[in-house]
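The values are calculated or read from the model by the stated rules, or taken from the named source; none is laboratory data. Just so we're clear, the structure is a prediction, and the values are computed from it rather than from any experiment. Using ideal geometry, Cβ is built from the backbone for each residue, glycine included, and neighbour counts are taken over all protein chains shown. Note: areas computed on protein heavy atoms with side chains; ligands, DNA, RNA excluded. Shrake-Rupley method; radii C 1.70, N 1.55, O 1.52, S 1.80 Å.
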Amino acid sequence: MSEHEQAFQAPTPSPSATPAPLRLVPLSPGLAIGPVWLYRSPALQQQAQPQAAPTGASRLTPDQVAEEQRRLRAAVEQAVAELQTLTAQVARTVGKEEAAIFEAHQLILQDPEILDAAIERIAQQRLPAEQALQEVAEENAQLLAALDDELLAARASDVRDATGRVLRLLSGRANASPLPSADSVQEPVILVADDLTPSDTATLDPKLVAGICTVLGGPTTHAAIIARSLEIPALSGLSPDLFAQLRPGQRIALDGGRGLLYLNLAPEQERELLQQIQEQQRTRTRQQQERERWRGRPGATADGVPVAIFANVGDEEGAAQAATLGAEGIGLLRTEFLFGGRIQFPDEQEQELAYSRLFRAFAAGQPAGKTIVARTLDAGADKPFPALEALIGALQEANPALGLRGARIHLCHEELLRQQLRALLRAAHATGITLQIMFPMIATLEEVRRLRSIAQAVLAELEGQGLRLQPQPAIGIMVETPAAALMADVLAREVDFFSIGTNDLYQYVMAVDRTNGRVASLFGRLEPAVWRAIAQVARAGQQHGRLVAVCGELAGDPLIGPLLVGLGVRELSMNPPALLAVKERLARQPLTYWQEQAQRLLQAETAAELQHMLESIA
């Protein structure tokens, strides 16, 4: 009988003391209560317990090398097949964007820097396949973890997750600390772990796992993103000492929205939390019913001020989902879906066909009035592309987030941009969609002028060929850098609209690694500096008559989205599942209310003050 089964049969009574809840890092909102299910990550065990160096007696003999290399290749092939199955499963049950995480894991296992290096190490050092792969994988993971960029550093977990799958296949051993299953739990549990990989999180059943609490991880890790998609309340930042002290079956509770962990629950405390959870469930059911009314209605405040509620989309399936859920347009088309993992760039004709299919999937036979805002290829930093590296060389930079990415790559390789613009414009002409173009990672006025000049030249070229778009595509920029936010009043004279990418704006304004447990709490709540930066961009847009949009995660938060409208934002673009909730929340109050509350938030001097104000508004 496992320790978990024993704990469920005879849980140890909680002590009578009821200490105040611990404040941890909020990852996914919601309340949860249940018995502890302890889980120790195989990926961390792999990292902490490297294989011992082989002695002369344990090294492979020359005639064993080929067989060991075959074993490794076979295990990788099996792991890739498992990942393909997992990708399809996650696409169905969670979402296409989350499924892309495991497409990336397949690429990791096929990466020559890992697979070929391990094969070579087996031959040169006569190491067993497990040790060769583990050494190479950990070296690559540590290189990524040491980079001064939170998104690239987070990929270290993906390397360990993907290669850990191969190591388990090679060893033939199951994880000694299994995840909850229907056969092993009697009620939904609180999964308490040192860390969770994306693979771990994607296989969780929300009917069995009421909540998650981890030692490691941050709000932008792939595991956290999946937890939010599954609507499992989650926290991170538990101290290793407390993790070691928790007992399987011990009843605890957590509040993923406020970042609170309740230990040693007293009976009255548990009753109160259970009542809150039941009320939360009733509220969620009622809200879902109310939100359905908004599926076919445009976004607006209670007094009728229109606000465009658009969707963020990264592929054809996402475009169809956005249309089904009532998106008025696509506010962020991530055109990277056509380029990732390819050795050669798609030619102009292939791009045009792919964009046309996506545009038609969103238009659903009614393109009139449908707007799609296409972000040009945002390569570099956390979005490396083999085809791009083949063209300009490997992007091995000490600080990729501050290196060659976005608009800077466009201006180094203008023909790539021209090809993409021609393909987008031809697709818009063929489908009748209203197309807008925006350029990523802008820092200077000179960049904007050069990029706009290129776009105008491409438009003139196509018009000379008899292709005329009506209306003419608006040209805008992503506001993601402090430089663009500070210069917004100047940049507004050169563009037709701003789209604020709050995810990157957080990163650059706060100068913080969101996956570093020591500083991840800075991203747990809205920061005054970020709010003020958004307000500055909104003011500049209003002064110059330019539309201001937000297309980061803040736009899809039902509490914060309407407050962005109060700052002057008139387009909110979000992941499709959030569309109805934001429309419903926005329509509860007139514009003047949202303006007053947004201005209140500008008075906050600390994240705690700002959070308190948000709670009072909620």
Query raised in the report: Within the stretch 64-81, restricting attention to residues that are open to solvent by 30 Å² or more (accessible area, probe 1.4 Å) and of a type in the set (Gly, Ala, Ser), which residue is farthest from the chain's Cα centre (by Cα)?
Result: 66
Query raised in the report: In the stretch 344-402, what residues are open to solvent by 10 Å² or more (accessible area, probe 1.4 Å), at pLDDT below 85 and assigned to a helix (DSSP H, G or I)?
Result: 386, 389, 390, 391, 392, 402
Report summary line: Restricting the stretch 227-241 to residues that are open to solvent by 10 Å² or more (accessible area, probe 1.4 Å) and farther than 15 Å from residue 31 by Cα, the one modelled with the lowest pLDDT turns out to be 229
Report task. Could you grab the pairs with beta carbons closer than 7 Å, sequence gap of 6+ or different chains, first residue in the stretch 243-254 and at positive phi, second one of a type in the set (Gly, Ala, Ser) and modelled with pLDDT under 90? Result -> 249/7
Report summary line: Residue hits (the stretch 217-242; touching a residue at least 12 places away in the same chain (Cβ under 8 Å) and of a type in the set (D, E, K, R)) are 228, 231
Report summary line: Restricted to the stretch 242-272 and to residues being under 17 Å from residue 37 (Cα atoms) and of a type in the set (S, T, N, Q), the residue least open to solvent (accessible area, probe 1.4 Å) is 250
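What number of residues within the stretch 278-287 satisfy the criterion of being out of contact with any strand residue (DSSP E or B) (no Cβ under 9 Å at 6 or more places or on another chain) and either touching a residue at least 12 places away in the same chain (Cβ under 8 Å) or part of a loop (DSSP other than H, G, I, E, B) (or both)?
Result for the stretch 278-287: 1.
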Requested in this report: Scan the stretch 562-575 for residues that are open to solvent by 10 Å² or more (accessible area, probe 1.4 Å) and modelled with pLDDT under 95 and report the count.
Outcome: 1
Report task. Would you check if there is a residue in the stretch 82-96 being open to solvent by less than 80 Å² (accessible area, probe 1.4 Å), of a type in the set (S, T, N, Q) and under 31 Å from the mean Cα position of the chain (by Cα)? Result -> yes
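Whether any residue in the stretch 247-256 is of a type in the set (S, T, N, Q) and modelled with pLDDT of 90 or more is what I want to check.
So far as the stretch 247-256 goes, yes, one or more of its residues are of a type in the set (S, T, N, Q) and modelled with pLDDT of 90 or more.
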Report task. Select from the stretch 185-226 the residues that are modelled with pLDDT of 90 or more, aliphatic (A, V, I, L, M), closer than 22 Å to residue 102 by Cβ and crowded, with 23+ Cβ neighbours inside 10 Å and list them in ascending order. Result -> 191, 193, 209, 212
Report summary line: Of (1) open to solvent by less than 10 Å² (accessible area, probe 1.4 Å); (2) touching a residue at least 60 places away in the same chain (Cβ under 8 Å); (3) not acidic (Asp, Glu), residue 308 satisfies every one except (1)
Report task. Return yes when residue 611 is among the polar types (S, T, N, Q), open to solvent by 10 Å² or more (accessible area, probe 1.4 Å) and either closer than 19 Å to residue 284 by Cβ or at pLDDT 95 or above (or both) and no when it is not. Result -> no
Report summary line: Conditions (1) at negative phi; (2) open to solvent by 20 Å² or more (accessible area, probe 1.4 Å) -> residue 555 fails only (2)
Query - Given (1) modelled with pLDDT under 95; (2) in contact with a Pro (Cβ under 8 Å, 6 or more places away or on another chain), number of the condition residue 586 does not satisfy - result: (1)
Report task. Could you give me the residue pairs with C-beta distances under 8 Å whose first residue belongs to the stretch 493-509 and is closer than 17 Å to residue 373 by Cα, whose second residue is in a loop (DSSP other than H, G, I, E, B) and β-branched (Val, Ile, Thr) wherever it lies, and which are 6+ apart or on separate chains? Result -> 500/569
Requested in this report: Give me a count of the residues in the stretch 224-254 that are of a type outside the set (Gly, Ala, Ser), in contact with a helix residue (DSSP H, G or I) (Cβ under 6 Å, 6 or more places away or on another chain) and over 24 Å from residue 271 (Cβ atoms).
Outcome: 1
Query raised in the report: If residue 294 satisfies every condition in (1) surrounded by fewer than 19 Cβ atoms within 10 Å (Cβ to Cβ); (2) within 28 Å of the chain's Cα centre (by Cα); (3) of a type in the set (A, V, I, L, M, F, W, C) but one, which is the exception?
Result: (1)
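Just checking, does the stretch 323-340 include any residue being part of a helix (DSSP H, G or I), open to solvent by 40 Å² or more (accessible area, probe 1.4 Å) and modelled with pLDDT of 85 or more?
Taking the stretch 323-340 and keeping what is part of a helix (DSSP H, G or I), we get 323-324, 335-338.
After this cut, where a residue has to be open to solvent by 40 Å² or more (accessible area, probe 1.4 Å) as well, the list is 324, 337.
Applying the additional criterion that residues be modelled with pLDDT of 85 or more yields 324.
Yes - at least one qualifying residue is present in the stretch 323-340.
Residue by residue, here is whether (1) outside any helix (DSSP H, G or I); (2) acidic (Asp, Glu); (3) free of Cβ contacts under 8 Å to residues at least 40 places away in the same chain; (4) open to solvent by less than 50 Å² (accessible area, probe 1.4 Å) holds:
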{"residue": "438", "(1), (2), (3), (4)": "yes, no, no, yes"}
{"residue": "447", "(1), (2), (3), (4)": "no, yes, no, yes"}
{"residue": "452", "(1), (2), (3), (4)": "no, no, no, no"}
{"residue": "459", "(1), (2), (3), (4)": "no, no, yes, yes"}
{"residue": "463", "(1), (2), (3), (4)": "no, yes, yes, no"}
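Condition (residue is charged (D, E, K, R), at pLDDT 90 or above and more than 30 Å from residue 256 (Cβ to Cβ)) applied to the stretch 159-178: is it met by at least one residue?
Within the stretch 159-178, none of the residues are charged (D, E, K, R), at pLDDT 90 or above and more than 30 Å from residue 256 (Cβ to Cβ).
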